[in-house]
Amino acid sequence: MIILFSSVIQLLPSASTAAPWGKAGTIGTAGSKPFLAGESLNNYAGWTNPPNLSAVAKATTNSGQMEGVIDLVNAFGSMPPTIYIAAVAYGTSNGGATAAQCPAGNGDGNLYPNEFLALPIPAILDQNADGKYDRLDPAISFVVVQITRTNGTATIRWNSVPGKTYQVEGCDQLGGTWAAVTNQLTAGPGALTTSADDATALPSRFYRVRLTSP
């Protein structure tokens, strides 16, 4: 398994670099960029092209998970607004072909720039180190940031995390019953704010947003 990192300004226009570790195919980021790799037949895991303060750990079983820590500023020269990541499983031997990848690709054995997952840095911050992203914590950043009303339609906008699902609810008066305003909404790739519309004839209404996915 190989996990590759890049920033938006360092993705290549196409998959034009040979795959790392002597594997088959090509990838859409420069070969000088850091990547984390582990072997499935033993407990080896390590960084290649690592910046300072990088670390890695892998379960002792040959099929266990691995984790890595990387200093993004040292890796890219400054804190990028978004990082791009992809995980690829290759055959064990030299020249091994792609066996699986996440996000899913087109299946041709190459890793293209549009097959990396975009992770906006603000969406993955945990400033109080409690194991919860700030944008999933109502005490920090999971808040409604704007409510606008035009021609009887209220638009509610809130801080979101890509891939998370939310339910917007409305209440006609304080102490009343909350009810769903729209269907549940899932924040799209790279989305830092998500919005929903409420076409209501009421002159005013209270709103809240609930996180419904873990």
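The values are calculated or read from the model by the stated rules, or taken from the named source; none is laboratory data. Computed from a predicted structure; not experimentally measured. Using ideal geometry, Cβ is built from the backbone for each residue, glycine included, and neighbour counts are taken over all protein chains shown. In case anyone asks, the SASA skips ligands and DNA or RNA and just uses the protein heavy atoms, side chains included. Shrake-Rupley method; radii C 1.70, N 1.55, O 1.52, S 1.80 Å.
Couple of notes before you dig in:
- Scanning segment 191-201 for residues that are small (Gly, Ala, Ser) and loosely packed, with under 14 Cβ neighbours inside 10 Å, we see that the one that is nearest to ILE124 (Cα to Cα) is ALA199.
- Subset of segment 33-54 (residues that are open to solvent by less than 50 Å² (accessible area, probe 1.4 Å), closer than 13 Å to ASN74 by Cβ and without any contact (Cβ under 8 Å) to a residue 24 or more places away in the chain): TRP47, SER54
- Answer residue from segment 171-189, given it is in a strand (DSSP E or B) and of a type outside the set (Ser, Thr, Tyr) and is least open to solvent (accessible area, probe 1.4 Å) among those: CYS171
- Residues in segment 22-32 that are on the phi > 0 side of the Ramachandran plot and surrounded by 13 or more Cβ atoms within 10 Å (Cβ to Cβ): GLY25 alone.
- Tallying residues that are open to solvent by 30 Å² or more (accessible area, probe 1.4 Å) and within 16 Å of the chain's Cα centre (by Cα) within segment 83-101 yields 3.
- Within segment 59-81, the set of residues being touching a strand residue (DSSP E or B) at 6+ places or on another chain (Cβ under 9 Å) and closer than 12 Å to TRP47 by Cβ comprises MET66, GLU67, GLY68, VAL69, ILE70, ALA75.
- Scope segment 190-214; condition among the hydroxyl-bearing types (Ser, Thr, Tyr), within 29 Å of ASN114 (Cα to Cα) and in a loop (DSSP other than H, G, I, E, B); matching residues: THR212, SER213
- Looking across segment 145-163, the residues that are open to solvent by 60 Å² or more (accessible area, probe 1.4 Å) and either out of contact with any Lys or Arg (no Cβ under 7 Å at 6 or more places or on another chain) or modelled with pLDDT under 95 (or both) come down to ILE147, ARG149, THR150, ASN151, ARG157.
- Condition met for ALA123 (among the small types (Gly, Ala, Ser), surrounded by 12 or more Cβ atoms within 10 Å (Cβ to Cβ) and touching a residue at least 24 places away in the same chain (Cβ under 8 Å)): yes
- Residue within segment 40-62 that is modelled with pLDDT under 90 and within 19 Å of the chain's Cα centre (by Cα) present: no
- Residue in segment 61-77 that is of a type in the set (A, V, I, L, M) and open to solvent by 50 Å² or more (accessible area, probe 1.4 Å) present: yes
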